[in-house]
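Structure first, commentary second.
The values are calculated or read from the model by the stated rules, or taken from the named source; none is laboratory data. Bear in mind that the values here come from a model prediction, so they are computed numbers and not experimental data. Methodologically, a virtual Cβ is constructed for each residue, glycine included, from the backbone with ideal geometry; neighbour enumeration extends over all protein chains shown.
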Amino acid sequence: MSNSINFVGRIGQDPEMKQVGENSVLEFSVASDCGFGDKKITNWFRVSLWNKRATSLQPYLKKGSQI
């Protein structure tokens, strides 16, 4: 079972590749804004990509990139 949400935001820091046993994990945070003016709120999401998805997307994900 996995969790799935959809949102648009920008990457806060360059993604970090880690090894967990034999698995590759790419971790990064994404900032997503909602609201307007004084009511604007920024939500931060911690994202983890595993194995083939992590290694294939790593070259394309950089700080400030919109995803």
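State yes or no: is Lys52 of a type in the set (D, E, K, R), closer than 23 Å to Asn3 by Cα and modelled with pLDDT of 95 or more? Step through it out loud before you land on a result.
On the way: of a type in the set (D, E, K, R): yes; closer than 23 Å to Asn3 by Cα: yes; modelled with pLDDT of 95 or more: yes.
Yes: the conditions hold for Lys52.
I need a count of the residues in segment 2-30 that are surrounded by 14 or more Cβ atoms within 10 Å (Cβ to Cβ) and of a type in the set (Asp, Glu).
1
Which of the residues spanning segment 20-54 are within 14 Å of the chain's Cα centre (by Cα) and polar (S, T, N, Q)? Before the answer, list the steps.
Pass one, segment 20-54, residues within 14 Å of the chain's Cα centre (by Cα): 25-32, 43-50, 53-54.
Listed by number, the residues that qualify are Ser29, Ser32, Asn43, Ser48.
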